[in-house]
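K.L.:
Dropping the structure in here first, questions after.
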Amino acid sequence: MQYYFHSDPGHAWLAVKREELVRLGIINEISSYSYQKGDTVYLEEDRDAGLFIEAKKAKGEEVKFKETYKYNTSIRNYLRF
């Protein structure tokens, strides 16, 4: 599965479906520095995205992502996790 790593001039977030965080057993470890909209959680790059990637690797699952950049991303306006 391919994930999208969204970035702006100051930060980046990995977009992941909430159900996947539940399946990996890390939903309660995600910080309030991540954002959410609908069933998608935008994991902040410094800790939460790494936690997700490590959990996937521990299960033998590959993580591929595509990077996107926007000068003014709307992610910062979403609800905090």
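The values are calculated or read from the model by the stated rules, or taken from the named source; none is laboratory data. It should be emphasised that the depicted structure is a prediction, and the values quoted were computed from it without experimental measurement. Neighbour counts are summed over all protein chains in view; Cβ atoms, including those assigned to glycine, are modelled from backbone coordinates with ideal geometry. Just the protein is used for accessible areas: all its heavy atoms, side chains included, with ligands, DNA and RNA removed. Shrake-Rupley method; radii C 1.70, N 1.55, O 1.52, S 1.80 Å.
K.L.:
Answer with yes or no whether Asn28 is open to solvent by 70 Å² or more (accessible area, probe 1.4 Å), of a type outside the set (A, V, I, L, M) and modelled with pLDDT of 95 or more.
P.N.:
yes
K.L.:
All but one of (1) under 14 Å from Pro9 (Cα atoms); (2) surrounded by 14 or more Cβ atoms within 10 Å (Cβ to Cβ); (3) within 13 Å of the chain's Cα centre (by Cα) hold for Glu67; which doesn't?
P.N.:
(2)
K.L.:
Next question. Tell me which residues, restricted to region 1-28, are among the charged types (D, E, K, R) and in a strand (DSSP E or B).
P.N.:
The answer is Lys17, and nothing else.
K.L.:
Separate question: So, in region 46-64, of the ones that are in contact with a strand residue (DSSP E or B) (Cβ under 9 Å, 6 or more places away or on another chain) and modelled with pLDDT of 95 or more, which residue ends up nearest to Trp13 (Cα to Cα)?
P.N.:
In this case the residue turns out to be Ala49.
K.L.:
How many of the residues making up region 31-45 are in contact with a helix residue (DSSP H, G or I) (Cβ under 9 Å, 6 or more places away or on another chain), under 14 Å from Trp13 (Cβ atoms), open to solvent by less than 90 Å² (accessible area, probe 1.4 Å) and not β-branched (Val, Ile, Thr)?
P.N.:
Of the residues in region 31-45, 6 are in contact with a helix residue (DSSP H, G or I) (Cβ under 9 Å, 6 or more places away or on another chain), under 14 Å from Trp13 (Cβ atoms), open to solvent by less than 90 Å² (accessible area, probe 1.4 Å) and not β-branched (Val, Ile, Thr).
K.L.:
Only one of Tyr35, Tyr78 is among the aromatic types (Phe, Trp, Tyr), closer than 14 Å to Ser7 by Cβ, at pLDDT 95 or above and in contact with a Phe, Trp or Tyr (Cβ under 7 Å, 6 or more places away or on another chain). Can you tell me which?
P.N.:
Testing whether each residue is among the aromatic types (Phe, Trp, Tyr), closer than 14 Å to Ser7 by Cβ, at pLDDT 95 or above and in contact with a Phe, Trp or Tyr (Cβ under 7 Å, 6 or more places away or on another chain) leaves just Tyr35.
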